[in-house]
Amino acid sequence: MVKKKTFGLPAGLPLADIVKEGEAEAGSFVMEILPIARIEPDPDNPRRLGLNPANPRELDAADPLYTRKKTALDGIEELAINIARFKVQQPIKVYRHDKGYRIVFGERRYLASILAGEKTIPAWVLPERPKFLRTLQFSENEHHDKLDAWERLESVRSVVDEFESYGEEEIRSATTLAELTGLKLSMANNYFDLIQGPDEVREALQSRAITNIQLAAEIAREPDSAKRRAALDAARSGGTSDRIRTVLKKAVALPRSSSRGRPAKNVTLGKTTNPVIVRRIVEAVLGDACQETLGGEIHWDDFNSVTNAWKKFLAYLESVERSAN
């Protein structure tokens with residue numbers, strides 16, 4: 001069994017450790033009834049509702065994100081009705097910032113309280129910004145909030161950026177990302193490929209031309225820039241997922257094989273300029289045992305490292321096949 005890395009944090013999955021560490025700080029929390037006017041949302045929280053706290057109902061129909069914001073507002077309006085009747089039952093969490101407070105999580109309760117006409121709100125108050133704020137927000141969003149595809153990608157990317165900013169180990173593989181976040185390896189693969197992939201795919205997610213992480217990852221993995229652009233154009237024009245995949249996977253005519261010459265005695269596996277393809281094949285077969293089986297960490301952005309890993313992978317498969325026979 002492969003031993004999971006701890007990245008210099010306490011034993012266990014890093015995400016779970018960070019959340020526990022944050023919860024352990026509860027002893028230093030102070031539960032207060034705060035004036036709403038002194039609280040502000042976190043402008044860098046990947047979960048951006050996009051509503052103006054001064055007037056959450058103020059929406060611009062010409063805004064490209066109008067539909068998304070209207071949906072968020074409708075949900076907050078329903079919550080505001082409950083708050084008007086029963087008050088806020090679960091305190092939000094904030095930290096001291098300048099002369100006021102900034103929200104760690106609980107933005108929906110905060111905005112709903114404004115709509116309900118409340119002047120105060122119960123809050124757990126941290127004395128300062130938590131070290132792993134983005135990771136705490138990621139955990140909260142994963143468990144309690146429905147994020148769209150772009151927000152989920154931003155949430156994962158912010159966790160990676162925050163983790164690396166504190167001098168922790170660089171996130172160089174989907175396996176490491178899965179260990180850090182607790183995501184399934186298949187989903188971590190999608191996020192990793194999007195974070196490392198072309199800007200144009202992320203831009204399509206941000207504009208909500210694409211609203212599916214899996215589909216976006218498939219486009220990001222396409223090494224042919226022309227096919228990738230064609231798929232993105234289909235997405236921007238409102239094409240369905242099936243239509244976009246059809247454009248992306250359109251067959252390329254292969255040259256006819258010749259029967260002349262000596263009979264082949266081995267299989268030519270071809271070449272690729274996209275190491276992501278190699279990584280996906282290797283990790284799909286070996287799973288979490290990838291590094292253990294191939295020996296040492298593989299640097300997937302280094303062609304020599306990937307080539308050596310591929311040779312070891314083929315040698316491993318051949319040895320398994322010989323043993324089976």
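With a 1.4 Å probe and all protein chains left in place, how much of the accessible area of region 275-314 comes from carbon and sulfur atoms, in whole percent?
55
How much accessible area per residue does region 35-136 have, counting only protein heavy atoms and a probe of 1.4 Å, in square angstrom?
53
Say the cut-off is 22 Å between C-alpha atoms; which of Lys69/Lys227; Lys93/Lys119; Lys99/Lys119; Lys250/Lys312 go over it?
Exceeds cut-off: Lys69/Lys227; Lys250/Lys312.
In region 64-118, if the dipole is taken from +1 on Lys/Arg beta carbons and -1 on Asp/Glu beta carbons about the Cα centre, which of Gly100, Thr67, Tyr110 is farthest to the positive end?
Gly100
Taking the simple approach of a point 7 Å from Cα along Cα-to-Cβ for both Phe303 and Arg245, what is their distance in nm?
Reported label-point gap for Phe303 and Arg245 is 3.2 nm.
Using a 1.4 Å probe over the heavy atoms of the protein chains, calculate the carbon and sulfur portion of the accessible area of region 80-126 as a whole percent.
49
Hey, if we sort Lys227, Lys131 by accessible area with the 1.4 Å probe, largest down, what's the order?
Lys131, Lys227
Sorted by mean Cβ packing within 10 Å, highest first, what order do the peptides 105-114, 203-212, 233-242 take?
105-114, 203-212, 233-242
The values are calculated or read from the model by the stated rules, or taken from the named source; none is laboratory data. Since we're looking at a predicted model, the values are computed, not measured. Every residue, glycine among them, receives a Cβ derived from its backbone with ideal geometry; neighbour counts consider all protein chains shown. These area figures cover heavy atoms from the full protein model, side chains too; ligands, DNA and RNA do not enter into them. Shrake-Rupley method; radii C 1.70, N 1.55, O 1.52, S 1.80 Å.
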